[in-house]
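I have placed the structure first, in the form of structure tokens, so that the comments after it can refer back to it.
The values are calculated or read from the model by the stated rules, or taken from the named source; none is laboratory data. On a predicted model such as this, the values are computed, not experimentally measured, just so you know. Cβ placement follows ideal geometry from the backbone for every residue including glycine, while neighbour counts extend to all protein chains displayed.
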Ligand code: FAD
Ligand code: MLT
Ligand code: ZN
């Protein structure tokens, strides 16, 4: 259990009784109240298998009214609640720690409206990102975010984690593209900020409180989001590079040569790509190099865009920054390349226990922690590798050990966070704080900012029933 592994004590919340279960069965139909151990188990374990909770009850509401009724009851009885979307979160935020009730959004999956002219999509929080993307693509638009977990993650989970993803560089983050949200406060009050307007300066922008607050300030039930146009032309380049400094020079050159069509600039080191290719039996279209760059363009003229990208490749092979590479606009070939990148996270799971870090660093220091950790852990780690969203200054560092050990953990933490703080980075770039990092949040947030966060929590959830043990450190 993660409470034992991370030495966390249960807070004095109420304990679920048979009468509570009976009550929930009157609010929801019986089949939407899960109590059987086997049914509840998957909701207790996170994707990365770092955290395991002890919940005995999962509720699956279908409407905002049901969410509101459940929360009102839980708040009165001091029953703690863990909201869960697609359960792809990587910081233990989506699973309970003790016996919190899991409130799953999986049945709140309806599209409410779509305006093809403005691009405003309104839907329920439990819609799966890929389903939404397929829906809007058929209407010549795309979702403004894309990530490897798109087949399972929910839009409500994306908003609650302020997910970044593979094209943030081009389409911006969710604070920009979310037009409105409907959310339910801990006491059951429904906050309707579900406007689909681009401009609405009527007082405080409350929707932002729910973007990235990881289910600790309220539950997101509906979402209005702006969808950009489907690009008419997409091209992908995959390049082998000798050293990290060359990636930075390539990034600067790509911005100036490709300008507005650049939609992704991702990097991965050799260990990331070779272990993914090997563990998941995925083909690598170029041979072995110390580093790789995946570059994508979204534009409107296929011949023009792929010619631009091919010229970029030729020029940079001449300059020596690219050792070898391939450029393609063929959908199947582009998918092969993206598969390698998007599956790096999944490939790590088959090798042992994964310590996962997700940090922002100034670009010149972007890769510096990988060699540092390799040296520090030596033979204790089977593998230490880095990859991520160069365009956003966000690197993911995975440390694989044969088996979890407190010793490996204490060699990594707080060391890595101290190093990030020294470099003025962020200890969580895009995955959030969840259960795994509240005790380290002070490395990236000043004491007064943390105090304001605690005050907001107190205001919105005075009994602390929403996703306890997550995000905020103990005071
Ligand atoms: P969950 O994992 O279920 O929940 C995440 C958090 O949000 C939890 O704290 C939960 O309590 C809360 N929550 C969920 N739904 C609601 C709701 N409706 N209201 C209130 N709170 C809620 N993240 C990135 O930023 N960029 C990436 O590129 C990226 N790639 C990924 C690739 C893979 C293969 C995987 C497994 C994960 C990746 N993630 C990435 C991490 C993850 O944050 C995202 O997958 C996603 O945003 C989580 O959505 P979810 O529906 O699975 O939420
Ligand atoms: C990614 O960029 O692939 C995701 O954020 C998941 C990960 O950290 O592996
Ligand atoms: Zn990422």
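Going by the conditions given, is residue 393 within 16 Å of ligand 1 (Cβ to nearest atom) and in contact (Cβ under 8 Å) with a residue 40 or more places away in the chain?
Details: within 16 Å of ligand 1 (Cβ to nearest atom): yes; in contact (Cβ under 8 Å) with a residue 40 or more places away in the chain: no.
Judged against the criteria, residue 393 is not a match.
Does residue 388 qualify as being surrounded by 19 or more Cβ atoms within 10 Å (Cβ to Cβ), within 21 Å of the chain's Cα centre (by Cα) and assigned by TED's automatic domain parsing to the domain that holds residue 431?
On the way: surrounded by 19 or more Cβ atoms within 10 Å (Cβ to Cβ): yes; within 21 Å of the chain's Cα centre (by Cα): yes; assigned by TED's automatic domain parsing to the domain that holds residue 431: yes.
In short, yes.
How many residues are closer than 19 Å to residue 92 by Cα, buried (at least 22 other Cβ atoms within 10 Å of the Cβ) and within 16 Å of ligand 2 (Cβ to nearest atom) when one looks only at segment 401-430?
Residues flagged as closer than 19 Å to residue 92 by Cα, buried (at least 22 other Cβ atoms within 10 Å of the Cβ) and within 16 Å of ligand 2 (Cβ to nearest atom) within segment 401-430 amount to 5.
Residue under question is residue 164, and the condition is that it be outside any helix (DSSP H, G or I), outside the structural domain of residue 357 (by TED's automatic domain parsing) and over 23 Å from residue 14 (Cβ atoms); does it hold? Let's see the steps before the verdict.
Working: outside any helix (DSSP H, G or I): yes; outside the structural domain of residue 357 (by TED's automatic domain parsing): yes; over 23 Å from residue 14 (Cβ atoms): yes.
Yes.
For every residue, the table says whether it meets (1) in contact with a strand residue (DSSP E or B) (Cβ under 9 Å, 6 or more places away or on another chain); (2) under 25 Å from residue 459 (Cα atoms); (3) within 16 Å of ligand 2 (Cβ to nearest atom).
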position: 153; (1), (2), (3): yes, no, yes
position: 165; (1), (2), (3): yes, no, yes
position: 169; (1), (2), (3): yes, no, yes
position: 172; (1), (2), (3): no, no, no
position: 175; (1), (2), (3): no, yes, no
position: 185; (1), (2), (3): yes, yes, no
position: 189; (1), (2), (3): no, yes, no
position: 192; (1), (2), (3): yes, yes, no
position: 195; (1), (2), (3): yes, yes, no
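For every residue, the table says whether it meets (1) over 30 Å from residue 276 (Cβ atoms); (2) touching a helix residue (DSSP H, G or I) at 6+ places or on another chain (Cβ under 7 Å); (3) modelled with pLDDT of 95 or more.
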| residue | (1), (2), (3) |
| --- | --- |
| 131 | no, no, yes |
| 135 | no, no, yes |
| 138 | yes, no, yes |
| 141 | yes, no, yes |
| 153 | no, yes, yes |
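Do the conditions hold for residue 251, that is, is it closer than 27 Å to residue 373 by Cβ, in contact (Cβ under 8 Å) with a residue 24 or more places away in the chain and surrounded by fewer than 22 Cβ atoms within 10 Å (Cβ to Cβ)?
On the way: closer than 27 Å to residue 373 by Cβ: yes; in contact (Cβ under 8 Å) with a residue 24 or more places away in the chain: yes; surrounded by fewer than 22 Cβ atoms within 10 Å (Cβ to Cβ): yes.
Against the criterion (closer than 27 Å to residue 373 by Cβ, in contact (Cβ under 8 Å) with a residue 24 or more places away in the chain and surrounded by fewer than 22 Cβ atoms within 10 Å (Cβ to Cβ)), residue 251 qualifies.
Residue by residue, here is whether (1) part of a helix (DSSP H, G or I); (2) under 28 Å from residue 410 (Cβ atoms); (3) at pLDDT 95 or above; (4) touching a helix residue (DSSP H, G or I) at 6+ places or on another chain (Cβ under 9 Å) holds:
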| position | (1), (2), (3), (4) |
| --- | --- |
| 286 | no, no, yes, no |
| 297 | no, no, yes, yes |
| 309 | yes, no, no, yes |
| 335 | yes, no, yes, no |
| 338 | yes, no, yes, no |
| 354 | no, yes, yes, yes |
| 358 | no, yes, yes, no |
| 374 | yes, yes, yes, no |
